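The values are calculated or read from the model by the stated rules, or taken from the named source; none is laboratory data. Owing to the predicted nature of the structure, the values given are computational and were not obtained by experimental measurement. Backbone-built Cβ (ideal geometry, glycine too); neighbour counts: all protein chains shown.
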């Protein structure tokens with residue numbers, strides 16, 4: 001359970017606020033949907049923030065989606081060591097962000113249990129760390145969509161979903 005908003009350290013409240021984190025997740029889902037119309041498998045949504053918000057992991061992502069997810073993991077084995085703990089720490093913020101997006105009817109869970117984006121938003125044209133996170137989230141969505149299954153992704157990360 002997350003502490004009340006007023007009790008969160010300022011840095012945590014700013015970086016892990018549900019609007020920003022929700023936008024990161026939403027952008028990942030949009031790119032996933034462009035390749036795979038089924039929507040993002042629910043469990044994959046919990047990988048988005050740990051991969052994107054961790055600067056070291058985010059910067060290790062390939063420049064384009066032409067490299068597949070497994071090749072990226074094989075080139076960055078060190079990620080597998082820390083990622084389970086990062087995921088565990090970020091799960092409450094991922095849940096909060098998903099609930100935020102659902103509350104504002106930006107996403108929905110379809111009949112197959114996958115997450116779909118229902119509304120589009122404006123694109124931002126400035127260049128900063130926030131837009132870098134958005135662009136990498138979009139890339140991650142493409143990488144997820146090109147991987148075989150969500151179980152395949154978790155297995156290659158060495159994580160039990």
Name the residue that is nearest to residue 108 (Cα to Cα), counting only residues in the stretch 13-40 that are free of Cβ contacts under 8 Å to residues at least 40 places away in the same chain and touching a helix residue (DSSP H, G or I) at 6+ places or on another chain (Cβ under 9 Å). 17
Look through 43, 56 and report the one residue that is under 16 Å from the mean Cα position of the chain (by Cα), assigned to a helix (DSSP H, G or I), more than 14 Å from residue 134 (Cα to Cα) and free of Cβ contacts under 8 Å to residues at least 40 places away in the same chain. 56
What number goes with the only condition from (1) surrounded by fewer than 17 Cβ atoms within 10 Å (Cβ to Cβ); (2) assigned to a helix (DSSP H, G or I) that residue 67 does not pass? (2)
Filtered residues of the stretch 109-135 (kept if modelled with pLDDT of 90 or more, surrounded by 10 or more Cβ atoms within 10 Å (Cβ to Cβ) and either in contact with a helix residue (DSSP H, G or I) (Cβ under 6 Å, 6 or more places away or on another chain) or assigned to a loop (DSSP other than H, G, I, E, B) (or both)): 110, 112, 113, 115, 117, 118, 133, 134
With the structure loaded, tell me whether residue 96 is without any contact (Cβ under 8 Å) to a residue 24 or more places away in the chain, more than 11 Å from the chain's Cα centre (by Cα), more than 19 Å from residue 150 (Cα to Cα) and assigned to a helix (DSSP H, G or I) or whether it fails that test. no
Before we move on, is residue 51 surrounded by 14 or more Cβ atoms within 10 Å (Cβ to Cβ), at pLDDT 95 or above, within 24 Å of residue 130 (Cβ to Cβ) and in contact with a strand residue (DSSP E or B) (Cβ under 6 Å, 6 or more places away or on another chain)? no
So, in the stretch 18-40, of the ones that are assigned to a loop (DSSP other than H, G, I, E, B) and crowded, with 17+ Cβ neighbours inside 10 Å, which residue ends up modelled with the highest pLDDT? 39
